[in-house]
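J.: Here's a structure for you.
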Amino acid sequence: MMAPVPIDRVREVRTPVYCYDTSLLKETLETVRFHISDRPSWKVHYAVKANFNPGILKLIASAGLGADCVSGGEVRAALDAGFAPSDIVYAGVGKSDEEILLGLDEGISRFNVESVAELKVIDTLARSRGKVAPVSLRVNPDIGAHTHANITTGLAENKFGIYHGILPDVVRIALSLKGIEFKGLHFHIGSQILDMADFSTLCNRIADILGRLDTEGLPVSDINVGGGLGIDYYNPDDITMASFGAYFSTFKRHLRSDLPVHFELGRSIVGPCGSLVCKVLYVKEGLTRKFAVVDAGMTELIRPALYGAYHHIDNLTSMMPEEKYDVVGPICESSDVFGKARMLRCCRRGDYLAIRSAGAYGESMASSYNCRPLPGSILY
Ligand code: LLP
């Protein structure tokens, strides 16, 4: 159940503003915990990139999840929010020396390494600090996920990971380096995945790869399967929870049960609990359509402009019959559109609209293009 946006609190602050339903977030974290409670060695690391609002991060840290980070800034944000260094994993194709040293000095639990070149740099930096870096190798499994082309990551043509064909050689290199402790394998095939068959394909590929490494006498101590579980953007009131049951049971059915498994979920944890609330500035009669011009733009929520993503929109303050609108922002870009031909309760200047399911990759991708201030937030 989604609690309604606290409109009285919204009226007191500058819009656009992100509003997060913390009871839904807590319920989601509880659901995640429930589904893995029969696998004590499984761990979910929340993908910080989805939303690094400090209040949200603190809540997730206190629920006992780990943190999956992709930059030194995210490692810092996770530490500040209370995640233990031993619960932090760090991935990314382009880690700078400064970022690697931060991870080493803070004693994070894992570097997910994406190339031999990176492995060698981490080895050198770790030895310079008299340390041994715990490393997993990110494998490019060459699997296409059924999602938007910009958010698939596991194809051979993508920049991510080490091609699975050369993996045994790279593991041998990792084992030969004194500053590296080789631990496991890391995968991530994409985001907003709704077809569980994509995850079972991943499991089968992982089984093949583990089999190959086993035959070559190269054991692995754990597996990180990444994130990617999608949410229902079309029915934000009826379906507030991602299909965690189906998701985790896919891995229970298809993965070897003797290895610890790590997950890196982002969108499915925070997506449904957030709405971007904005105000109608003008209702403009175009030649063939009506525009509701709002005070939020692609600067606060870039997903529609960047991926053609759908977000449901509600008028929170009108009781009048519905009319059809294009909901557009103030940014000087034609793609600054939140929705075309949307049925909304009749809009007037000053009405508040909620752009739904915006808890993931909304606030975290905000920019100050056009010299706009970053949006604030309300946790309710
Ligand atoms: N692990 C890795 C290595 C990742 O690259 C990602 C997301 C995740 C975990 C978390 O995936 P999730 O569970 O959230 O699907 N900005 C895009 C999504 C980009 C996802 C990038 N990587 C969007 O708004 O749809």
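The values are calculated or read from the model by the stated rules, or taken from the named source; none is laboratory data. If you're wondering where the values come from, they're calculated on a predicted model, not measured in any experiment. In this analysis, Cβ positions are derived from the backbone assuming ideal geometry, glycine residues included, and neighbour counts consider all displayed protein chains. Protein only, heavy atoms only, side chains kept; ligands, DNA and RNA dropped before computing areas. Shrake-Rupley method; radii C 1.70, N 1.55, O 1.52, S 1.80 Å.
J.: Can you pull the accessible area of Asp208 for me, 1.4 Å probe, Å² to the nearest 10?
T.: Its accessible surface works out to 100 Å², give or take rounding.
J.: Using helices alone, what [θ] at 222 nm do you get for the chain, with -39,500 (n - 2.57) per DSSP H run of 4 or more residues, divided over all residues and rounded to the nearest 500? Mind showing how you got there, number by number?
T.: On the way: 11 runs with 112 residues, N = 380.
Per the formula, -8500 deg cm²/dmol.
J.: Could I ask something else about it? Going by a ≥ b ≥ c, the root eigenvalues of the Cα gyration tensor, does region 57-173 fall in the rounded group (a/c under 1.5), the prolate group (a/b larger than b/c) or the oblate group?
T.: Working: a/c = 2.21, a/b = 1.19, b/c = 1.87.
Oblate, because a/c is 1.5 or more while a/b does not exceed b/c.
J.: If you don't mind, another one. Is there a pair in Lys49/Lys252; Lys252/Lys340; Lys26/Lys340; Lys49/Lys279; Lys49/Lys284 whose C-alpha atoms are over 30 Å apart, and which pairs would that be? The partial results should precede the final answer.
T.: On the way: Lys49/Lys252 26 Å; Lys252/Lys340 41 Å; Lys26/Lys340 33 Å; Lys49/Lys279 27 Å; Lys49/Lys284 36 Å.
Table pairs above 30 Å Cα-Cα are Lys252/Lys340; Lys26/Lys340; Lys49/Lys284.
J.: Under 1.5 on a/c is rounded, so check that first for the chain, then, if it is not, pick prolate when a/b is larger than b/c and oblate when it is not; a ≥ b ≥ c are the square roots of the alpha carbon gyration tensor eigenvalues. Mind dumping the intermediate values first?
T.: Working: a/c = 2.11, a/b = 1.95, b/c = 1.09.
Note, shape of the chain comes out prolate.
J.: Further question on the same structure: Counting only residues 5 or more places away or on other chains, whose amide H sits under 5 Å from the amide H of Gly339 once H atoms are built in the peptide plane?
T.: The list, which skips near neighbours in sequence, is Val327.
J.: With a 1.4 Å probe and all protein chains left in place, how much accessible area per residue does region 22-270 have, in Å²?
T.: Working: 9670 Å² over 249 residues.
It amounts to 39 Å² per residue over region 22-270.
J.: Highest first, please rank the peptides 32-41, 267-276, 296-305, 104-113 by the mean number of other Cβ atoms sitting within 10 Å of their residues. Kindly include the intermediate steps, with their values, before the conclusion.
T.: Details: 32-41: 13.8, 267-276: 28.2, 296-305: 23.8, 104-113: 21.6.
Put in order of decreasing packing, that is 267-276, 296-305, 104-113, 32-41.
J.: Now, a different point. Let me know the shape class of region 241-338, please: from the alpha-carbon gyration tensor, a ≥ b ≥ c as square roots of the eigenvalues, rounded when a/c is under 1.5, otherwise prolate if a/b is greater than b/c, or oblate. Can you show the working numbers first?
T.: Numbers: a/c = 3.42, a/b = 2.61, b/c = 1.31.
Prolate is the answer for region 241-338, as a/c is 1.5 or above and a/b outweighs b/c.
J.: If I take every Cα pair under 8 Å that is 6 or more residues apart in the chain, average their sequence separation and divide by the length, what percent do I get for the relative contact order? Can you show the working numbers first?
T.: Details: 841 pairs, mean separation 74.6, N = 380.
Worked out over the chain, it gives 20 percent.
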